[in-house]
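The values are calculated or read from the model by the stated rules, or taken from the named source; none is laboratory data. Computed from a prediction, not measured in an experiment: that's the story for all the values here. Please note: Cβ atoms are built from the backbone with ideal geometry, for glycine as well, and neighbour counts cover all protein chains shown. Surface accessibility is based on the protein's heavy atoms, side chains included, excluding ligands, DNA and RNA. Shrake-Rupley method; radii C 1.70, N 1.55, O 1.52, S 1.80 Å.
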Amino acid sequence: MTINPFEFRTVPSMQVVWGGAAKLGEILAGRFVQRKALLITDSGLVQAGLIQPIAEALSASGFSVETFDKVVADPPEHVVAECVASAKAFGADIVIGLGGGSSLDIAKLVAVLLVSDQSLSDMYGIGNVKGSRAPLVLVPTTAGTGSEVTNISIITTGETTKMGVVSPQLYADFVLLDAELTVGLPQVHTAATGIDAMVHAIEAYTSKHKKNPLSDCLAREALRLLGDNLVAACKDGKNRHAREAMLLGATLAGQAFANSPVAAVHALAYPLGGHYHIPHGLSNALMLGPILRFNAAAAAPLYAELADVLKVPGEGDATTRSTAFVQHMEKLMDESGAPRRLRDVGVTDNSLAMLASDAMKQTRLLVNNPVEVREEDALALYREAF
């Protein structure tokens, strides 16, 4: 078999340990000489009591810690600016992102902007970040975005649009996976973030331009872990086995799509976040079913392979197995308890044309889809999801 040329990148170091966040200071003290840490998170985790023990563990190991907790879902540009100002005022020399995808995305950009004169607006797009960044540590608290191992940050620009920064400087120096941090995640968030991770694996596996053998291996194993444990994690949030499998699966899916980019599900999900502030994972979950069906004919051989990964019962040709895969994914989503229709999360019928128009701006993503998505297709997909 001839292998098409490809490049694969990921973070240089990752540690997987249950309860590791309680020892974060000890873990980082032996890896970094820097000692003035900006800890980037959100107020919900502070109020839940999750952050203080971690900050104390850092302090006990010789770190001075400043906590920035103003991160919000779909973070706008002004949050980045506020966080950079806070980092500079404190004199931070190492950045720690701890939380969901939004906190991790902010941390990546702050680590760059802390040492760069480049403006955020100049960084949007692919490969536009210049220079280096401050040392960067990422610790996810949800099993979904995979942001801890991607070179991508998504920021809300203006009122409703989102832009991405994609650059190798955004890969962290060190990632800690502590699934104990995900135990308190409510069922609906567990479901939405878990389906989000499955979307990453599926879209990486079917990506049109950069699909490669390494990302394929990661996507398959991610989908196996996620598919086997999604419902269990949703039904019993304290199930350690399920929580660990979901977090590792989400990270593997992140490594896959960082190298074989996502496509139409994400392109149509972003306007839902921009206009309706629907969390990213949930917006992906809402669009997955219609787009799986839309892509099914073109992606049938690959969907058939993923049906085997998920041990979907039955036999048949690629088309039959592809159909079975889509039906299996629909069943998993139904059982997870995540909302299933756009109308269930406040989307109105008269906004669908506007959403379709906005989705067409996501050219960075749409080019990766197995099937071309035109504006009339996007509108039909929103209607199907409504």
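So what is the calculated 222 nm ellipticity per residue for the chain, using -39500 (n - 2.57) for each DSSP H run with n of 4 or more, over all residues, to the nearest 500 deg cm²/dmol?
Details: 15 runs with 192 residues, N = 386.
Dividing the helical sum by the residues of the chain leaves -15500 deg cm²/dmol.
Cα convex hull, segment 245-370: 119 Å³ per residue, rounded to a whole number. Amide H contacts of Leu177 (H built 1.01 Å from N, in plane; Pro and chain starts excluded): Gln15, Val16, Val17 sit under 5 Å, all sequence-distant by 5 or more or on other chains. When the distances between all Cα atoms of the chain are binned every 10 Å from zero, what whole-number percent does each bin get? Bins of 10 Å from zero give 5, 25, 34, 25, 9, 1, 0 percent of pairs.
Scan segment 291-386 for GluC sites (Glu not before Pro) in coil per DSSP, keeping those whose Cβ has at most 10 other Cβ atoms within 10 Å, and list them by number.
On the way: sites: Glu305, Glu315, Glu330, Glu335, Glu372, Glu375, Glu376, Glu384; in loops: Glu315, Glu372.
Filter output for segment 291-386: Glu315.
Roughly how many percent of the accessible protein surface of the chain is carbon and sulfur, given a 1.4 Å probe and a whole-percent answer?
Details: 7960 of 15030 Å².
The nonpolar share, carbon plus sulfur, comes to 53 percent.
Per-residue extension of 0.36 nm, minus the Cα-Cα distance of Tyr276 and Phe90, leaves a gain of 63.5 nm for this segment. Shape class for segment 1-85: oblate, because the ratio a/c of the largest to smallest gyration tensor axis (alpha-carbon atoms, square roots of eigenvalues) is 1.5 or more and b/c is at least a/b.
In segment 82-212, the DSSP beta bridges split such that about 40 percent are antiparallel, to the nearest 5. Shape summary: segment 178-333 maps onto an equivalent ellipsoid whose semi-axes, from the alpha-carbon gyration tensor, are 23, 18, 15 Å in decreasing order. Taking Cα centre as origin and charging only the Cβ of basic (Lys, Arg, +1) and acidic (Asp, Glu, -1) residues, the dipole magnitude of segment 319-386 rounds to 140 debye. Compute the Cα gyration tensor for segment 133-194, then decide on rounded, prolate or oblate, letting a ≥ b ≥ c be the square roots of its eigenvalues: rounded whenever a/c is under 1.5, prolate when a/b is larger than b/c in the other cases, and oblate in all that remain. Oblate. The residues of segment 155-199 have, on average, 28 Å² of accessible surface per residue, using a 1.4 Å probe with all protein chains present. Comparing Met354, Met14, Met287 in a Gaussian network model of the chain where C-alpha atoms under 10 Å apart are linked, the largest mean-square fluctuation is found at Met354. Here the dipole of the chain is about 380 debye; that uses its Cα centre as origin and unit charges on the Cβ of Lys and Arg (positive) and Asp and Glu (negative). Across segment 150-248, the relative contact order, built from alpha-carbon pairs under 8 Å that are at least six residues apart, equals 28 percent. Just to check, using Stokes-Einstein with a Kirkwood Rh over alpha carbon pairs, what's the diffusion coefficient of segment 101-143 at 25 °C and 0.890 mPa s in µm²/s? Roughly 219 µm²/s, to the nearest whole number. Of all beta bridges that DSSP places with both ends in segment 24-121, some 10 percent have antiparallel geometry. As a length-normalised measure over Cα pairs under 8 Å and 6 or more apart, the relative contact order of segment 9-86 settles at 34 percent. Among beta bridges identified by DSSP and lying wholly in the chain, the antiparallel ones come to about 25 percent.
Indicate the gyration tensor shape class of segment 253-311 (rounded, prolate or oblate), computed on the Cα atoms with a ≥ b ≥ c the square roots of the eigenvalues: a/c under 1.5 is rounded; otherwise a/b larger than b/c is prolate and the rest oblate. It is prolate, given that a/c is not under 1.5 and a/b is the larger ratio. Rolled with a 1.4 Å probe across the full set of protein chains, the surface gives Leu379 an accessible area near 40 Å².
Annotation for segment 138-185: GluC sites (Glu not before Pro) lying in DSSP loop with at most 12 further Cβ atoms inside 10 Å of their Cβ are Glu159. Equivalent ellipsoid of segment 298-386: semi-axes from √(5λ) of the C-alpha gyration tensor, largest first, are 28, 19, 10 Å.
The alpha-carbon of Lys331 sits under 29 angstrom from the alpha-carbons of these lysines, leaving out residues fewer than 8 places away in its chain: Lys208, Lys211, Lys235, Lys238, Lys311. Across the chain, the mean sequence separation of Cα contacts (distance under 8 Å, 6 or more residues apart), normalised by length, yields a relative contact order of 15 percent.
Summed over the residues of segment 1-120 and divided among them, the accessible surface reaches 46 Å² per residue at a probe radius of 1.4 Å. Which far-off residues, 5 or more places away or on another chain, put their amide H under 5 Å from the one on Val115, with H placed in the peptide plane? Counting only residues 5 or more places away or on other chains, the set is Ala134. Taking Cα centre as origin and charging only the Cβ of basic (Lys, Arg, +1) and acidic (Asp, Glu, -1) residues, the dipole magnitude of segment 44-196 rounds to 200 debye. For segment 202-315, the solvent-accessible area with a 1.4 angstrom probe is 34 square angstrom per residue.
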